[in-house]
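Trainee: Mind looking over this structure? Questions follow.
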Amino acid sequence: MELLIYNEYEMERLGEKLAQVLEDNDLVYLRGELGAGKTTLVRGIAQGKGYRGRVTSPTFTLMNVYLLEQMQINHFDFYRLDPHDIYDLGLEDYLERKGLSLIEWPQAGAGILPAEALVIDISLVEDDYERERKVKIKAQGSQYQEKIKELQSLC
Ligand code: ADP
Ligand code: MG
């Protein structure tokens, strides 16, 4: 599915809708250039799950964990990360453990990360209102196709 999002507020609202369809153990890949709005969307997802703390970019820490009563959210950012670092990070342990994992810049983990995921591409719409973004959401794997259908009914 494809959406146009006009400002950061709307991006967070989209995240809250995503939060309604995402569950423990799900995997989401967020692609898009720096400043596209990946972290903003993660913030909306975390808020939608009831998280009231700060959600900031894990570019330097590589990963943030947001603890909730019902689950934990693992927020990764693999920007400029070497694939070897991903092993060092113990990513597989995190993915095996419970948690909703949201991964910015998954391209850095190509070949290591699972193929099945909800994949979100955010791009800037040039020559137009500077805050406009195009958001494409696609399913890799049948479990995520169901989630896209649910999301469509919310949007
Ligand atoms: P990324 O994680 O992709 O690098 P961030 O979410 O950290 O991006 O930053 C996006 C920046 O762009 C923020 O400063 C935000 O306020 C701004 N912005 C402007 N328009 C939008 C929009 N439509 N959606 C999300 N962020 C937007
Ligand atoms: Mg980010």
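Trainee: With an 8 Å cut-off on Cα pairs and a minimum separation of 6 or more residues, tell me the relative contact order of the chain in percent. Present the calculation step by step, with values, prior to reporting the outcome.
Mentor: On the way: 288 pairs, mean separation 49.0, N = 155.
Computed over the chain, the figure is 32 percent.
Trainee: Mind listing which chymotrypsin sites (Phe, Trp or Tyr not before Pro) in the range 1-51 are in a DSSP loop and have 14 or fewer other Cβ atoms within 10 Å?
Mentor: Sites meeting the loop and neighbour criteria: Y6.
Trainee: Multiply the residue gap between K138 and L95 by 0.36 nm, knock off their C-alpha separation, and tell me the result in nm, one decimal place. Intermediate values should be presented prior to the final figure.
Mentor: Working: separation 43, 0.36 × 43 = 15.48 nm, distance 2.02 nm.
My answer for the length gained is 13.5 nm.
Trainee: Still on this structure: Summing -39500 (n - 2.57) over the DSSP H runs of n ≥ 4 in the chain and dividing by its residue number, what mean residue ellipticity at 222 nm do you reach, to the nearest 500 deg cm²/dmol?
Mentor: Per the formula, -9500 deg cm²/dmol.
Trainee: Also, quick follow-up: Taking only protein heavy atoms and a 1.4 Å probe, what accessible area per residue, in Å², does the chain have with all protein chains in place?
Mentor: 53 Å²
Trainee: Can you work out ³J(HN,Hα) from phi for every residue in the range 23-32, in order, using Karplus 6.51 cos²θ - 1.76 cosθ + 1.60 and θ = phi - 60°, giving whole Hz and x for Gly and Pro?
Mentor: With coefficients 6.51, -1.76 and 1.60, one gets 10, 3, 5, 6, 10, 10, 9, 10, 10, x Hz.
Trainee: If you don't mind, another one. Working from the pairwise distances between different alpha carbons, so that the mean of 1/r is found and then inverted, what is the range 2-154's Kirkwood radius in Å? Could the numbers behind the result be given before it?
Mentor: On the way: mean 1/r = 0.0645 Å⁻¹.
For the range 2-154, the Kirkwood estimate is 15.5 Å.
Trainee: Out of the chymotrypsin sites (Phe, Trp or Tyr not before Pro) in the range 82-155, which ones are loop residues according to DSSP with at most 13 other C-beta atoms within 10 Å?
Mentor: Y129
Trainee: Along the principal axes of its C-alpha atoms, what lengths does the range 54-138 span, in descending order and rounded to whole Å?
Mentor: Principal extents (Cα only, largest first): 43, 32, 26 Å.
Trainee: Something else: Only sites in a loop by DSSP and with at most 16 other Cβ atoms within 10 Å count here; which trypsin sites (Lys or Arg not before Pro) in the range 87-149 make the cut?
Mentor: Within the range 87-149, the qualifying trypsin sites (Lys or Arg not before Pro) (loop, at most 16 other Cβ atoms within 10 Å) are R97, K98, R131.
Trainee: Quick one: with all protein chains in place, what share of the accessible area of the chain is carbon or sulfur, to the nearest percent (1.4 Å probe)?
Mentor: That share works out to 46 percent.
The values are calculated or read from the model by the stated rules, or taken from the named source; none is laboratory data. Only a predicted model underlies this, so the values are computations on that prediction, with no experimental measurement involved. When we count neighbours, we look across all protein chains shown, and the Cβ atoms used for this are built from the backbone with ideal geometry, even at glycine. These accessible areas exclude ligands, DNA and RNA; they are computed on the full protein's heavy atoms, side chains included. Shrake-Rupley method; radii C 1.70, N 1.55, O 1.52, S 1.80 Å.
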